[in-house]
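J.: Please find one structure pasted underneath; my questions will follow.
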């Protein structure tokens, strides 16, 4: 089943491909002034794009898959929660010091929803929820 879903994602150009998806690398995970600089850079590259994003560690292991409309606002909220609480998410020892953020633009909300679920099913991210208080 996963193979058929992955073939469908490839056919529609939504399959995760680091060469085809846009990305920014070495984003400090724990919020700092440096993280804010990366988020500003991300905003310039993304603008108000809607779509799917993937967080990966330095080994490109997939940590989390999400969707946003716009993507940037959703990613910014992940980091804002960390900044606000000053807490680190569960399983901190497994969280890298920096992450890569990859994204693909998808305009339609229904398509984003389906593609997000298909990617989660086929790629099996390490976390279903990125942040828990």
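Computed from the coordinates by the stated procedures, all read-outs in this text should not be read as laboratory data. The structure displayed is predicted, hence computed values, not measured ones. Backbone-built Cβ (ideal geometry, glycine too); neighbour counts: all protein chains shown.
J.: Only one of the listed values, [x] 23, 19, 16; [y] 18, 18, 13; [z] 24, 17, 13, was derived from the coordinates as semi-axes √(5λ) of the Cα gyration tensor in Å; which label is it?
T.: Answer by label: [z].
J.: For a label point 7 Å from the Cα of residue 111 along Cα→C-beta, name the residues of region 7-44 whose backbone N is under 18 Å from it.
T.: 7-17, 20-22
J.: Once you place label points 7 Å from the Cα toward the Cβ at residue 36 and residue 22, how far apart are they in nm?
T.: Rounded to a tenth, the inter-label distance reads 2.4 nm.
J.: Let me ask something else. Given contacts defined as C-alpha pairs under 8 Å and at least six residues apart, what's the relative contact order of region 2-123, whole-number percent?
T.: 38
J.: Helix-only estimate, please: 222 nm mean residue ellipticity of the chain, summing -39500 (n - 2.57) across DSSP H runs of length 4 or more and dividing by its residues, to the nearest 500.
T.: Values: 4 runs with 54 residues, N = 133.
Value at 222 nm, helices only, nearest 500: -13000 deg cm²/dmol.
J.: Roughly what angle does helix 109-123 make with the longest principal axis of the chain, taking Cα atoms, 0 to 90 degrees, to the nearest 10?
T.: Between the helix axis and the principal axis of the chain, the angle is about 80 degrees.
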